[in-house]
Amino acid sequence: MQKQSHSHLKPQRSWCLVTALVAVLLFISLFLKTSNNWILCNNNKAPTMDNFLVDKLNSHQILLDAILHYATSRVTPQQNINEIRISFDVLKNRTPCNFLVFGLGHDSQMWASFNSRGNTLFLEEDPKWVETIVKDAPFLHAETVKYRTMLSEADELVEHYRKEPDCSAKKSFLRGNHGCKLALDMLSNEVYDKEWDLIMIDAPRGYFAEAPGRMAAIYSAAVMARNRKGKGVTHVFLHDVERKVEKVYAELFLCRKYLVKGVGRLWHFEIPPASNVGDSFC
């Protein structure tokens with residue numbers, strides 16, 4: 001999802017990935033035509049036929065835009081096809097649902113199309129990058145995030161978490177949590193008020209000392225998952241787990257015991273709500 005650190009695939013592999021993505025998107029389009037599962041995961045109101053028709057038209061437009069984008073572009077998503085398939089397999093069973101993605105980039109149209117009848121929100125650190133991506137894909141729903149952390153502080157923030165009461169799993173809150181530096185405390189009400197069925201962490205940047213790092217994104221995703229009131233688990237996907245910070249923070253907050261699958265540089269966690277597991281993250 002990071003725009004600065006894309007390592008592009010070789011041309012043959014790039015076109016194979018693009019072809020696979022187009023095929024997947026066409027499959028989703030056919031699936032939507034025959035699916036009766038069109039009520040949003042967390043929406044208890046029965047939609048009207050007018051709303052259904054508008055929703056279906058909008059979802060098909062998102063799919064068509066995504067197919068056109070990937071069929072005519074040599075830019076490929078940051079994740080490889082095997083990593084993408086993990087999230088895709090979950091989305092097939094959960095869509096339409098609430099999908100929160102940390103990061104905005106060349107793969108965003110793909111994620112939005114996989115959940116075209118659901119609610120997909122992208123959180124991005126760079127306002128200019130948001131303008132660049134949304135200019136070509138205005139249907140994407142994106143917000144900017146200001147992080148309070150730097151990658152160089154990763155070790156200190158672990159100690160901060162252990163000493164700061166507002167960081168504890170027992171308290172487990174984000175909105176207005178100014179005491180815990182790992183808590184994303186200034187997000188929009190939409191982020192706080194929704195229960196996110198899937199959370200993808202592929203940002204912010206985490207490859208140089210002054211970058212925000214993904215410490216706060218990982219911690220905050222864990223808090224959101226623990227605070228879930230609805231049925232089932234929260235699916236959390238973390239990319240770039242070959243890096244030390246991602247791996248350490250994943251094991252601290254997302255928990256090895258909730259890790260259900262790993263392929264390449266991606267880990268998939270299924271995190272139950274706190275009411276089922278007690279007062280600690282792991």
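Details
- With Cα atoms defining each centre, segment 95-130 and segment 165-243 are spaced 16 Å apart in the structure.
- Under a model in which nothing but the beta-carbon of Lys, Arg (+1) and Asp, Glu (-1) is charged, segment 181-244 shows a dipole of about 260 debye around its Cα centre.
- Pairs beyond 25 Å (Cα-Cα), from Lys92/Lys261; Lys146/Lys261; Lys92/Lys170; Lys231/Lys261: Lys146/Lys261; Lys92/Lys170
- Across the accessible surface of segment 108-242, with the other protein chains kept in place and a 1.4 Å probe, carbon and sulfur atoms take up 51 percent.
- Pairs of Cα atoms nearer than 8 Å and 6+ residues apart set the relative contact order; for segment 223-280 it is 47 percent.
- Those GluC sites (Glu not before Pro) in segment 221-269 that DSSP places in a loop and that have at most 10 other beta carbons within 10 Å: Glu242
- Residues whose amide H lies under 5 Å from that of Thr120, counting only those 5 or more places away or on a different chain, are Phe99; hydrogens are built 1.01 Å from N in the peptide plane.
- The mean sequence separation of alpha-carbon pairs under 8 Å and at least six residues apart, normalised by the residue count of segment 141-216, gives a relative contact order of 38 percent.
- Sparse-neighbourhood loop sites, trypsin sites (Lys or Arg not before Pro) in segment 167-251 - DSSP loop, at most 12 other Cβ within 10 angstrom: Lys170, Lys229, Lys231
- Relative counts (whole %) of C-alpha pair distances in segment 63-209, using bins that are 5 Å wide: 2, 8, 16, 19, 19, 15, 11, 6, 2, 1, 0
- Extension gain for Lys170 to His141 (0.36 nm times residue separation, less C-alpha to C-alpha distance): 7.2 nm.
- Per DSSP, loop GluC sites (Glu not before Pro) in segment 150-230 with at most 12 further Cβ within 10 Å: Glu210
- Rounded to the nearest 20, the Cβ-based charge dipole of segment 100-169 about its Cα centre (Lys and Arg +1, Asp and Glu -1) stands at 300 debye.
The values are calculated or read from the model by the stated rules, or taken from the named source; none is laboratory data. Bear in mind the structure is a predicted one, so any value in this text is a computation, not a measurement. We place every Cβ from the backbone using ideal geometry, glycine too, and count neighbours over all the protein chains shown. Each accessible area value is taken on the protein alone, full model and side chains, heavy atoms only, with ligands, DNA and RNA left out. Shrake-Rupley method; radii C 1.70, N 1.55, O 1.52, S 1.80 Å.
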